[in-house]
1. Of the residues that sit in the range 96-110 and are surrounded by 14 or more Cβ atoms within 10 Å (Cβ to Cβ) and among the aliphatic types (A, V, I, L, M), which one is nearest to the ligand (Cβ to nearest atom)?
2. Would a scan of the range 196-206 turn up a residue that is in a strand (DSSP E or B) and either within 17 Å of Gly249 (Cα to Cα) or in contact with a Lys or Arg (Cβ under 8 Å, 6 or more places away or on another chain) (or both)?
3. Condition (residue is aliphatic (A, V, I, L, M), open to solvent by less than 30 Å² (accessible area, probe 1.4 Å) and part of a loop (DSSP other than H, G, I, E, B)) applied to the range 21-31: is it met by at least one residue?
4. Evaluate the range 164-176: report whether one residue or more is among the polar types (S, T, N, Q) and in contact with a strand residue (DSSP E or B) (Cβ under 8 Å, 6 or more places away or on another chain).
5. Any idea which of Thr124, Thr84 is closer than 25 Å to Val9 by Cα, away from the ligand (no atom under 16 Å from the Cβ) and open to solvent by 20 Å² or more (accessible area, probe 1.4 Å)?
6. Determine if the range 36-56 includes at least one residue that is surrounded by 21 or more Cβ atoms within 10 Å (Cβ to Cβ), in contact with a Phe, Trp or Tyr (Cβ under 7 Å, 6 or more places away or on another chain), under 24 Å from Ser145 (Cβ atoms) and β-branched (Val, Ile, Thr).
7. Show the residue pairs meeting these rules: Cβ distance below 8 Å; 6+ apart or different chains; first residue within the range 125-145 and more than 17 Å from Phe83 (Cα to Cα); second residue hydroxyl-bearing (Ser, Thr, Tyr) and open to solvent by 10 Å² or more (accessible area, probe 1.4 Å).
Amino acid sequence: MGDRLRGRVALVTGASQGIGRAIALRLAREGADIALHVRRDDDRARESAGAVAALGRRCEVVAADLAGVAAVSHVMAQVSSRFTHADILINNAGLERRADFLSVREADYDAVLDVNLKAPFFLTQAFAKTLIAAGRPGKIIHISSVHEELPFPNFTAYCASKGGLKMLMRNIAVELAPHGITVNNVAPGAIRTPINAALLDDPERLRQLVGQIPLARMGDPEEIAAAVAFLASSDADYITGSSLVVDGGLLWNYQEQ
Ligand code: BGC
């Protein structure tokens, strides 16, 4: 698999399952040590950490609910105290709540926006400060979604968060470039992860969705992780301010009925 990331330290949020877990494993396979952020330090988190460690890399678990700036500062402080530095930040943690627009409650809006947008905003700010203070370059990658572009009825708070991540990425790509820090998004389509558990259990919805995907299948977390590893490596040193869509063609598929 190569060792493009040897000697680097990567912080991956939301890494106990799904896309985050696959990213942690892929970056470790390419040589990085991993700060594995999880919401709760439970069996699932320890299983992920064990899988990273089994690859021969150092793995430190940092547990925190990412709601609020204090929690985000705590995560960064933990990473700095356990590793001398981190070079790569993957803002992956995210959630979605289904409700038609007219029924969205403030608590649901806050839950989605806090984790999907506010936490990446302030974690990135804290991370960038550590890089700049140390005079080190760095790579920041947000896991957004095709829904940073594409409407997703009944998921308006989710779409607002992902659209926000797109402009967060573009803005700070410009502001952080003079410090040697690149910022990009990976925008997954429909991927086989726990966020899609209900869909995966519903053959009719699944058939309709797969019918909208030109490559005629859902993606695997490892296919997102491969794109992240590329953007985190020096192969992507000249890429900043971009969204890399990994969706089997879903985003641009328009079919007349
Ligand atoms: C959402 C999934 C959805 C997929 C494709 C993702 O961002 O989390 O629920 O299936 O986009 O629409």
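The values are calculated or read from the model by the stated rules, or taken from the named source; none is laboratory data. No experiment lies behind these values; they were computed from the predicted model shown. FYI the Cβ positions are ideal-geometry reconstructions off the backbone, even for glycines, and counts take in every protein chain you see. Note: areas computed on protein heavy atoms with side chains; ligands, DNA, RNA excluded. Shrake-Rupley method; radii C 1.70, N 1.55, O 1.52, S 1.80 Å.
1. Per the stated criteria, the residue is Ala99.
2. Start the filter on the range 196-206 by keeping residues that are in a strand (DSSP E or B), which leaves none.
Within the range 196-206, none of the residues are in a strand (DSSP E or B) and either within 17 Å of Gly249 (Cα to Cα) or in contact with a Lys or Arg (Cβ under 8 Å, 6 or more places away or on another chain) (or both).
3. First, the residues of the range 21-31 that are aliphatic (A, V, I, L, M): 22-25, 27-28.
From what is left, the residues that are open to solvent by less than 30 Å² (accessible area, probe 1.4 Å) are 22-25, 27-28.
Next cut, part of a loop (DSSP other than H, G, I, E, B) only: none.
No, that holds for no residue.
4. Let us first name the residues in the range 164-176 that are among the polar types (S, T, N, Q), namely 171.
Now restrict to residues that are in contact with a strand residue (DSSP E or B) (Cβ under 8 Å, 6 or more places away or on another chain): none.
No, the conditions are met nowhere in the range 164-176.
5. Numbers: Thr124 fails: open to solvent by 20 Å² or more (accessible area, probe 1.4 Å).
Selected residue: Thr84, the only one of Thr124, Thr84 that is closer than 25 Å to Val9 by Cα, away from the ligand (no atom under 16 Å from the Cβ) and open to solvent by 20 Å² or more (accessible area, probe 1.4 Å).
6. No, the conditions are met nowhere in the range 36-56.
7. Hits for this filter: Ile140/Thr182; Ser144/Ser243; Ser145/Tyr158.
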